[in-house]
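Some notes on the structure that comes next.
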Amino acid sequence: MTDDLPQPDLHEEFVALYVEHQVAIRSFVRTLLPDPVDAEDVMQTASLTMWRRFEQFQPGTSFRNWAFQVAKFIAMKHVARKARDRHRFSEATIKMLAEHVEQQDERLAGQRRALEHCVEQLGGDDRQVLAVCYSTGVTLKEFASQLGRTPNALYKQLGRIRAALVDCVQRRLQAEGIA
């Protein structure tokens, strides 16, 4: 094993954290580099860099933020190499976009946590309606038929659930100082 690679006991930890945050990291990189080919190149280089430097990651801190910083650094290096091309973002633009995306990511993470909490607070029937309507291929009409209800009644229940979730999420975000 070379010095560039994390120790075997860190392998599983890195993979678990990377898989959990990969979509957010990829979105972050795509925001910084609108060219999909450039973004993919940076994503691959950033992933390899994260892997090689995982021992530098401080357990208990945000892996996502650490990964964003690594990706931002790699993106800035990529931009610097291609600086002669007038269709590339400047380093200042990359920094500004990165800061904006990081702020938005924190806000969205707070909204996701609040929504998860609020869904857990729903009654079993409402949670079932929500789950079937949003995570299965069953149409509202088919689901209403399965329940022996009219589609209109189920649609109204779904509207009440949505309104309750919006209110709950807003209250939760205000309580956390995120809203």
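Structure notes:
- One residue from Leu115, Leu97 being assigned by TED's automatic domain parsing to the domain that holds Gln69, surrounded by 13 or more Cβ atoms within 10 Å (Cβ to Cβ), among the hydrophobic types (A, V, I, L, M, F, W, C) and at pLDDT 80 or above: Leu97
- Failed item, numbered, when Cys168 is tested on (1) loosely packed, with under 14 Cβ neighbours inside 10 Å; (2) in a helix (DSSP H, G or I); (3) touching a helix residue (DSSP H, G or I) at 6+ places or on another chain (Cβ under 8 Å): (1)
- Test for Thr45: is it hydroxyl-bearing (Ser, Thr, Tyr), modelled with pLDDT under 90 and surrounded by 16 or more Cβ atoms within 10 Å (Cβ to Cβ): no
- Among (1) loosely packed, with under 11 Cβ neighbours inside 10 Å; (2) touching a Ser or Thr at 6+ places or on another chain (Cβ under 9 Å), the one test that Arg81 misses: (2)
- Qualifying residue in the stretch 70-92 (condition: outside the structural domain of Gln44 (by TED's automatic domain parsing), touching a residue at least 24 places away in the same chain (Cβ under 8 Å) and hydrophobic (A, V, I, L, M, F, W, C)): no
- Pair list, Cβ under 8 Å, 6 or more apart: the stretch 138-154 residue among the β-branched types (Val, Ile, Thr), other residue exposed (fewer than 13 other Cβ atoms within 10 Å of the Cβ): Val138/Gln146
- Scoring Thr61 on the criteria (1) in the same structural domain as Leu17 (by TED's automatic domain parsing); (2) exposed (fewer than 13 other Cβ atoms within 10 Å of the Cβ); (3) modelled with pLDDT under 85; (4) not aliphatic (A, V, I, L, M) leaves a single failure, condition (3).
- Among the residues of the stretch 124-139, not a single one is surrounded by fewer than 17 Cβ atoms within 10 Å (Cβ to Cβ), modelled with pLDDT of 90 or more, in contact with a helix residue (DSSP H, G or I) (Cβ under 8 Å, 6 or more places away or on another chain) and not assigned by TED's automatic domain parsing to the domain that holds Ala67.
- Ala175 vs. criteria over 22 Å from the mean Cα position of the chain (by Cα) and closer than 30 Å to Ile25 by Cα: yes
The values are calculated or read from the model by the stated rules, or taken from the named source; none is laboratory data. Only a predicted model underlies this, so the values are computations on that prediction, with no experimental measurement involved. All Cβ positions, glycine included, derive from the backbone under ideal geometry; neighbour counts span all protein chains shown.
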